[in-house]
Structures are given as structure tokens and as C-alpha cells.
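One structure below.
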Amino acid sequence: MPILEAKGVRKVYRGDGVETEALRGVDLKVEAGEFTALVGPSGSGKSTLLHLLAGLDVPTEGEVFLDGVRVDRLSRAARARLRLEKVGLVFQAYNLLPVLTALENAAFVLEARGVERRVREAKALEALAALGLKDKAHRYPRQLSGGEQQRVAVARALAAEPLIVLADEPTANLDSRTGLALVERMKALNEERGVTFLFSTHDPRLLAHVRRVVRLEDGRVVGEERA
Ligand SMILES: Nc1ncnc2c1ncn2[C@@H]1O[C@H](COP(=O)(O)OP(=O)(O)OP(=O)(O)O)[C@@H](O)[C@H]1O
């Protein structure tokens, strides 16, 4: 059974009298343990597909499954619960909470899951350290640069040790050293803990490690390569 699946997915955005068909019938299966990249030109539907697979939004038509559960039929609250248990998100739009420190942000998902303070802080600190942010753990987001804030968001996704990580351009805005550290951390989680990764990227450092590349164009899957 695939861990992520989109079947005949269409997504139409409606607003201001304009309709945009962002996805035009996408079929995609991702098996547990994959380290897969979504590529394609700007506007091809990569972010939309990641949002639907994460259950952040629902398709206009078609079906979406996450670890065997049909997510597009669930309520918003049930989708949020499923995400909390199983999915780490690295999306620009789901950023840090300004009133929490980097450490508290990185520990946030674990806290929501009811993990005790000592354990969640140790895990959050380890994730921050792996991304070169140990000495900034007690700063608030406004005291961090944009790239540092993004690394905290990545630490939050990884600290929770989810089954699946969905990420939209995770290495964008990172300097080359940090970008590489992130790629290595993702790869290690994939190989050592079997975490499934699906991410959009243009980054050659990240593409060098993927075993499968799915290409989207104009809302459709137009090709696939396996290394
Ligand atoms: N909330 C929205 N409302 C209306 N149209 C949207 C919305 N989000 C995305 N779109 C449109 O849907 C299409 C697909 O957008 P999407 O963000 O999924 O592409 P993308 O491949 O991730 O692009 P990029 O690489 O630039 O991030 C585009 O035409 C975009 O303008």
C-alpha cells in the first residue's frame, strides 16, 4: 500500500471571478521509504499537490490517501489530527509562532502530541543543532534572519520524527553550508529511520540524492525518472 496517493486529482481555485485549474487529473503513488522530488516550472502545480497530500486543502475532484486513510473526506479537524501524528510540513506559509522561541517552536509539534517537556526539548535542541542553530535556540523569530527562521521550521518538522515529510522548496533561501547540512539530515532520516520524503525543489544538491523525480507541467504529471 502506498503511503501517499493521489487518484485522478483535479484542483480548481476560484476567486474574484477567475478560475485556475491548478491540477488537471494527477495520479501519483509514493511508497514508504521513498526520497522523491517533484519538479516542474513555476505554476505547474507542485505546491498545490503537496498541500492536498498534506490534507491542508481538499481536491475539487479525485481522491487523496495518506497512510491508507482517505483524507479528502475527513473534516478539517480530523485532517489536522492526522497531520499532527504522521506528517512533518516544511511550507513557507506555515511559519513560526512569533511568541515562541526557536526551541519552543521546534518542540511545538511534540508538545501538541503530549510529549513531556524534557524529552521534547532534547529532541528539538538536537534538531536545531543539526541545522546549525544551537546557539540561537532561545531567540524569538523576529530576532532571526529569514533563512534562520526557515531552518527552525525545518527543525520543527524533523524533531517530531514523522512518518512522512512533505516540503515545498526546503532548501530555498538557505546558504550553501546550511543547505547541505539540511540535505544530509534529510537523507540520514530517510536512510536510518525510513522517513518518507516528498519535496518540490530546483536545488541540484538535493536532486543529487533523490532516487525518483516526478515532473509536473501545467497541472499534469508528464514524466518520471528513477536513479
Ligand atoms: N490560492 C490560490 N488561488 C488561486 N490560484 C492559485 C492559488 N494557489 C495557486 N494558484 C494557481 O495555481 C497554479 C499552480 O500553482 P502552484 O503554487 O501549485 O505551482 P508551483 O508549481 O508550486 O509554482 P512555484 O514553483 O512558482 O511555487 C498557478 O497557476 C497558481 O497561480
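A single entry from 69, 58, 90 fulfils the requirement of being of a type in the set (Val, Ile, Thr) and at pLDDT below 95: 90. The requirement of being surrounded by 15 or more Cβ atoms within 10 Å (Cβ to Cβ), under 17 Å from the mean Cα position of the chain (by Cα) and free of Cβ contacts under 8 Å to residues at least 60 places away in the same chain is fulfilled nowhere in the stretch 208-219; no residue meets it. Under the condition of being of a type in the set (Asp, Glu) and either farther than 17 Å from residue 24 by Cα or surrounded by 17 or more Cβ atoms within 10 Å (Cβ to Cβ) (or both), the residues counted in the stretch 58-79 number 2.
Test residue 117 against the stated conditions and say whether it is without any contact (Cβ under 8 Å) to a residue 12 or more places away in the chain and either more than 26 Å from residue 203 (Cβ to Cβ) or surrounded by fewer than 23 Cβ atoms within 10 Å (Cβ to Cβ) (or both).
yes
Under 7 Å by Cβ, and 6 or more places apart or on different chains, what pairs join a residue from the stretch 172-190 that is at pLDDT 80 or above with one that is hydroxyl-bearing (Ser, Thr, Tyr)? Listed by first residue and then by second, the contacts come to 179/171; 182/171; 183/171. For the stretch 1-91, the strands (runs of 3 or more DSSP E) that sit wholly inside it and include 3 or more residues that are more than 14 Å from the ligand (Cβ to nearest atom) and under 25 Å from residue 106 (Cα atoms) are 87-90. Can you spot a residue in the stretch 98-111 that is of a type in the set (Gly, Ala, Ser), touching a residue at least 40 places away in the same chain (Cβ under 8 Å) and in a helix (DSSP H, G or I)? Taking every residue of the stretch 98-111 in turn, at least one turns out to be of a type in the set (Gly, Ala, Ser), touching a residue at least 40 places away in the same chain (Cβ under 8 Å) and in a helix (DSSP H, G or I). For residue 135, the conditions (1) without any contact (Cβ under 8 Å) to a residue 24 or more places away in the chain; (2) within 17 Å of residue 178 (Cβ to Cβ); (3) not in a helix (DSSP H, G or I) all hold with the exception of (3). If the condition is being within 16 Å of the ligand (Cβ to nearest atom) and in contact with a Gly (Cβ under 7 Å, 6 or more places away or on another chain), then the stretch 173-202 contributes only 173.
The values are calculated or read from the model by the stated rules, or taken from the named source; none is laboratory data. Because the structure is a prediction, the values reported are computed rather than measured. As a convention, Cβ positions derive from the backbone with ideal geometry for all residues, glycine included, and neighbour counts pool all protein chains shown.
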